[in-house]
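Visitor: So that we are looking at the same thing, I have put the structure below in structure tokens.
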């Protein structure tokens, strides 16, 4: 029991300490440029968490982060590092928009369901391609998923600037807008859209799937030792494809949420770095779907503070991306600290009876209390 609590404390304290260090480094970065770090911290807090208005801005941004992060969290339980979140999100949003336009005359509930299925399917197949390349051809999943992001973004730009472009979208090429009935509504009395509910529900389902089902047990077994999993008769290939499909489907659903709740159409704004930020969320959350909710809220608040830093302090809007980058670097470094810090290690306990049982009787004489000085002298004479 004590060992479990040590592990829990370690998994909490190290990420929290890493974020605190990132805050200090970000403050130093601001001070070098002539800004007051304390004023910057206060502005970030004010923009993210100081009022109900701030919380709404934060939660609007945290919804896609929850879904995007699962695209990295789920394969990580299998031992795969997938960072194709952005590509799956972009394609999921694009296909959801096209589906919504094609079903404009269908009942809104049916059309929204079809949009969600389209986003889930396309995003899932996109990341399943990464799993297939890994399992059947031995292609590194991190590299392939990263490169596929650029393919997906290029495809989005081509379609919204070409075949699927709305001629009236002059400044920002986009598809035709969705009907108002096909846009996700907001919670009563707030600006928070129902996409947040999607994120919370999917994170809860992902936790139950990984921790409380036979499928999740098989995934954890393969992630722990793939050779032992093969010996046990587990279908590693099928598990790889299945978990990659589920991971991509979460990111694809995030794209659908962005289209139906925020933009109302597909355009270049889908490529807004929610996918890449989701990778950071996954690492900070230690691949725990429930922790993803908390970390997404934290990083959603940081994203929400970008505009206020620009207005109040004259800093570039991209300053928050510097903060995110520092968090990512420190989190990567903190990975090397697990199991190394003495505060979270169990003290070594030597069982004299267990040690003595390893030797024949008479090899180790019973310890006799000796005066330290006299025993040292005897050792020298011997």
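The values are calculated or read from the model by the stated rules, or taken from the named source; none is laboratory data. Small disclaimer: the values here were computed from a predicted structure and weren't measured. All Cβ positions, even for glycine, are placed from backbone atoms using ideal geometry, and neighbour counts span all protein chains on display.
Visitor: Take the stretch 186-196 and flag every residue that is exposed (fewer than 13 other Cβ atoms within 10 Å of the Cβ) and touching a residue at least 60 places away in the same chain (Cβ under 8 Å).
Guide: 191
Visitor: Would you say residue 53 is within 26 Å of the chain's Cα centre (by Cα), closer than 18 Å to residue 262 by Cβ and not assigned by TED's automatic domain parsing to the domain that holds residue 305?
Guide: Answer is yes for this residue.
Visitor: Criterion first (surrounded by fewer than 20 Cβ atoms within 10 Å (Cβ to Cβ) and either under 30 Å from residue 337 (Cα atoms) or at pLDDT 95 or above (or both)) does residue 98 satisfy it?
Guide: So residue 98 passes the test.
Visitor: With the checklist (1) in the same structural domain as residue 183 (by TED's automatic domain parsing); (2) surrounded by 14 or more Cβ atoms within 10 Å (Cβ to Cβ); (3) over 30 Å from residue 335 (Cα atoms) in hand, flag the one item residue 66 doesn't pass.
Guide: So the condition that residue 66 fails would be (3).
Visitor: Still on this structure: Being buried (at least 18 other Cβ atoms within 10 Å of the Cβ) and over 22 Å from residue 282 (Cα atoms) is the filter here, so list the residues in the stretch 309-328 that pass it.
Guide: Scanning the stretch 309-328 gives 309, 315.
Visitor: Would you mind telling me which numbered condition in (1) over 29 Å from residue 17 (Cα atoms); (2) touching a residue at least 40 places away in the same chain (Cβ under 8 Å); (3) part of a helix (DSSP H, G or I) residue 223 fails?
Guide: Every condition holds for residue 223 apart from (1).
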